[in-house]
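What follows is one structure encoded as structure tokens, with my remarks underneath.
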Amino acid sequence: MDLISARPGPSVQEVLAADVNPAPALMLTESPAAGQSTADLPIERYFSKEWHDRQVEQVWRRCWQLACRVEEIPNVGDHIIYEIVHDSLIVVRTGPDEIRAYINSCLHRGTLLRTEGGCVQRLRCPFHGWTWKLDGALVHVPQQWDLPHVDQAAMSLPEARVGTWGGYVFVNFDLQCEPLSTYLENLPEHFAAFDMENRYKAAHVAKIMPCNWKLAMEAFVEAYHVAIAHPQVLGYYGDSNTQYDVWPGIRHVSRMISVQGVPSPSMKGIPAERTIEEMRRDVPFFAGRPIEVGEGETARAKLAQRSREKIARSTQLDMSALSDTESLDLIEYMLFPNMVPWGGQALPITYRFRPNGDDPESSIMEIMFLFSKSPDGSHPTPATMTMLSADQKWADAPELGSAAMVADQDTDNLMRIQKGLRTSRKPGVTLARYQESRIRHFHATLDDYMNASPVHVRTTR
Ligand code: FES
Ligand SMILES: [Fe+2]
């Protein structure tokens, strides 16, 4: 039996086909995973320190990863610090059209050159004052009479590779890595409709999570758990009819689409007014004021129209042609290893998941909202990151709105999953064939990287 014939309807494709403003062409396609294993997934990868250490070498020092947004470093000298396990990079704008990433370590005795972002025209070590220009050249060594043996010309700061796409800045420690453009595979083509360049970071919240970074990410790339973990959304959210796409030959990218403004298939038969009522209660963004559904109209079409009007007001952009799906739905992609960007305008989230330093059993999860820029430049400056501790709740960051409650429900479960895996006597986790096919796909790619031979110089040092 094929993977999707038993899935409850209406399918995402059936919902999109009935929309008033049609969806972008690539959303009108479906590619269920083919030929995936159904074997259990060994659990050491979620807590073993040996696995974690090998992951540093095989994944974090080889793969392209999201560092920041372009709009966070608009002026020459603007920089952020990107940290992953033990590695630290200064990601700095070195020219109007150039961003570079330097290993954040002084070439004298190793001090971190910068501990936080900002704007500087020189990188000066706080210990003895060795100083580099933004182009990486060493320009000043105090009391040089004592260091005649140091060849300053050979003391430029080591770099990582930098690439940009869609207003995102990516870095890769591996100087021999494949170009970002091929690493991204079909992602740019799929995001062509979503214009991510012209977004800005309206909110950015990070939180220490009580679990391995992979467990955190996995909880946000399937909707199988929604009916039990987030029952409050079932009146307006299509969970069990969510579409999952894994394309042949594509290793780094997968997708899911969940439709909103229609009830879950398990709540079939509920009236349109109820869908709207539930959304108004739970997601004020879509239905803050009452909406009437007239004869021949649908709750989804009404909600999409309401959403378009709201987005148009806040962005000063003409949203009249925005598709219903971009106005309402969860259009979620994953880019291996740890970035989960959403398309559309309704829920313009980007997630990032990283290990929490050297601890395989905790992680840092980030939620960013990327709203469209106003054409006149009147949108706010990019948000700085709010950092929540392990003890705080996502709801302590009011800028997240109703997304916080959902993330808190998941966080409670993730604590249980991490602890449960440690006490489990079953050596592997079992995955659903379709609804967890993106998790399976992620792990197949992860295994490829973990098992690859370290053939070339991985880092600059
Ligand atoms: S450690 Fe940086 S100048 Fe001495
Ligand atoms: Fe969830």
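The values are calculated or read from the model by the stated rules, or taken from the named source; none is laboratory data. None of the values given here were measured: they were computed from a predicted structure. Methodologically, a virtual Cβ is constructed for each residue, glycine included, from the backbone with ideal geometry; neighbour enumeration extends over all protein chains shown.
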Subject >> Unmet requirement for GLY235, which otherwise passes all of (1) farther than 30 Å from ALA390 by Cβ; (2) surrounded by 23 or more Cβ atoms within 10 Å (Cβ to Cβ) >> reply: (2)
Original post:
Is it the case that GLY167 is more than 16 Å from ligand 2 (Cβ to nearest atom), under 16 Å from PRO341 (Cα atoms) and modelled with pLDDT of 95 or more?
Top reply: yes
Original post:
Which condition breaks for GLN392 when tested against (1) more than 21 Å from LYS214 (Cα to Cα); (2) surrounded by fewer than 19 Cβ atoms within 10 Å (Cβ to Cβ)?
Top reply: (1)
**OP:** Please enumerate the residues belonging to the stretch 116-130 that are more than 8 Å from ligand 1 (Cβ to nearest atom) and surrounded by 15 or more Cβ atoms within 10 Å (Cβ to Cβ).
**Re:** GLY117, VAL120, LEU123, ARG124
Subject >> From GLU83, GLU98, GLU44, GLU50, residue being under 14 Å from VAL171 (Cα atoms), surrounded by fewer than 20 Cβ atoms within 10 Å (Cβ to Cβ) and more than 23 Å from the chain's Cα centre (by Cα) >> reply: GLU98
Subject >> Count of the stretch 210-248 residues which are in contact with a strand residue (DSSP E or B) (Cβ under 8 Å, 6 or more places away or on another chain) and small (Gly, Ala, Ser) >> reply: 3
Subject >> Filter result for ALA403 (touching a residue at least 40 places away in the same chain (Cβ under 8 Å) and exposed (fewer than 15 other Cβ atoms within 10 Å of the Cβ)) >> reply: no
Original post:
So is ALA304 closer than 22 Å to PRO22 by Cβ, part of a loop (DSSP other than H, G, I, E, B), touching a residue at least 12 places away in the same chain (Cβ under 8 Å) and out of contact with any Phe, Trp or Tyr (no Cβ under 8 Å at 6 or more places or on another chain) or not?
Top reply: no
Original post:
Is one or more of the residues making up the stretch 366-389 in contact (Cβ under 8 Å) with a residue 40 or more places away in the chain, surrounded by 15 or more Cβ atoms within 10 Å (Cβ to Cβ), within 16 Å of ligand 2 (Cβ to nearest atom) and over 21 Å from TYR168 (Cα atoms)?
Top reply: no
Original post:
With respect to the numbered conditions (1) aliphatic (A, V, I, L, M); (2) farther than 30 Å from GLY118 by Cα; (3) assigned to a loop (DSSP other than H, G, I, E, B), which one is the sole condition not fulfilled by ALA383?
Top reply: (2)
Original post:
For the stretch 161-207, how many residues meet the condition of being more than 15 Å from GLN65 (Cα to Cα) and aliphatic (A, V, I, L, M)?
Top reply: 7
Original post:
Only one of (1) surrounded by 11 or more Cβ atoms within 10 Å (Cβ to Cβ); (2) in contact (Cβ under 8 Å) with a residue 40 or more places away in the chain fails for THR430. Which number is that?
Top reply: (1)
Subject >> Candidates ALA404, ALA346 - the one that is part of a helix (DSSP H, G or I) and either more than 21 Å from TYR244 (Cβ to Cβ) or not assigned by TED's automatic domain parsing to the domain that holds GLY166 (or both) >> reply: ALA404
Subject >> Number of the exception - LEU107 against (1) more than 16 Å from ligand 1 (Cβ to nearest atom); (2) more than 30 Å from ASP447 (Cβ to Cβ); (3) touching a residue at least 40 places away in the same chain (Cβ under 8 Å) >> reply: (1)
**OP:** Would you point out which residue out of ALA193, ALA223 is among the aliphatic types (A, V, I, L, M), in contact (Cβ under 8 Å) with a residue 12 or more places away in the chain, part of a loop (DSSP other than H, G, I, E, B) and within 16 Å of ligand 2 (Cβ to nearest atom)?
**Re:** ALA223
Original post:
Pick from GLY269, GLY294, GLY288, GLY261: which is at positive phi, assigned by TED's automatic domain parsing to the domain that holds ASN21 and surrounded by fewer than 19 Cβ atoms within 10 Å (Cβ to Cβ)?
Top reply: GLY269
Original post:
Looking at the stretch 197-214, which of its residues are more than 13 Å from the chain's Cα centre (by Cα) and either crowded, with 23+ Cβ neighbours inside 10 Å or within 11 Å of ligand 2 (Cβ to nearest atom) (or both)?
Top reply: ARG199, LYS207, MET209, CYS211, ASN212
Subject >> Residue check, LEU113 at pLDDT 95 or above, part of a loop (DSSP other than H, G, I, E, B), within 16 Å of ligand 1 (Cβ to nearest atom) and more than 24 Å from GLN55 (Cβ to Cβ) >> reply: yes
Original post:
Taking into account only those residues within the stretch 1-41 that are in a helix (DSSP H, G or I) and of a type outside the set (A, V, I, L, M, F, W, C), which is surrounded by the most Cβ atoms within 10 Å (Cβ to Cβ)?
Top reply: GLN13
